[in-house]
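Single-structure report; data block below.
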Amino acid sequence: MYTEHTEAGMDLQLQGHKALITGASRGIGRAIAAEFVREGASVAICARQAEALEQARVQLATLGPGAIVG
């Protein structure tokens, strides 16, 4: 499923797939969610702090073709 990172970007073949990312308001969870959205996945995110989660949702929604649910 994973293909190597190239200058043109990664192709993780996530277009049309769904993912649940926990801890997505910051750190590695947010980075993973961002890459999945850029790759076209529909991503559901969750975290313990509602305000930080909403900020992440807004930012992630601008990154690519994937959908984001927070």
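The values are calculated or read from the model by the stated rules, or taken from the named source; none is laboratory data. Computed from a prediction, not measured in an experiment: that's the story for all the values here. Cβ sites come from the backbone with ideal geometry, for glycine too, and all protein chains shown count toward neighbours. Areas reflect the complete protein model, heavy atoms only, side chains present, ligands, DNA and RNA absent. Shrake-Rupley method; radii C 1.70, N 1.55, O 1.52, S 1.80 Å.
Only one residue in Arg38, Arg30, Arg48 is under 8 Å from the mean Cα position of the chain (by Cα) and open to solvent by 80 Å² or more (accessible area, probe 1.4 Å), so which one is that? Full working, then the answer.
On the way: Arg30 fails: open to solvent by 80 Å² or more (accessible area, probe 1.4 Å); Arg48 fails: under 8 Å from the mean Cα position of the chain (by Cα).
Of Arg38, Arg30, Arg48, the one residue that is under 8 Å from the mean Cα position of the chain (by Cα) and open to solvent by 80 Å² or more (accessible area, probe 1.4 Å) is Arg38.
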The one condition Ala24 fails out of (1) open to solvent by 40 Å² or more (accessible area, probe 1.4 Å); (2) part of a loop (DSSP other than H, G, I, E, B) is (1)
Sole miss for Ile45 among (1) in a helix (DSSP H, G or I); (2) more than 17 Å from Asp11 (Cβ to Cβ) is condition (1)
Pair list, Cβ < 9 Å and 6+ apart or interchain, from region 39-52 residues that are farther than 12 Å from Gly70 by Cβ to residues that are of a type in the set (S, T, N, Q) and open to solvent by 40 Å² or more (accessible area, probe 1.4 Å) | Glu39/Gln13; Glu39/Gln15; Gly40/Gln15; Ala41/Gln15
Criterion violated by Glu7 - all others in (1) surrounded by 16 or more Cβ atoms within 10 Å (Cβ to Cβ); (2) at pLDDT below 90 satisfied = (1)
Quick check: anything in region 10-17 surrounded by 11 or more Cβ atoms within 10 Å (Cβ to Cβ) and at pLDDT 90 or above?
-> yes
Inspect region 9-19 for any residue being in contact with a Gly (Cβ under 9 Å, 6 or more places away or on another chain), among the charged types (D, E, K, R) and not in a helix (DSSP H, G or I) and give the result as yes or no.
-> no
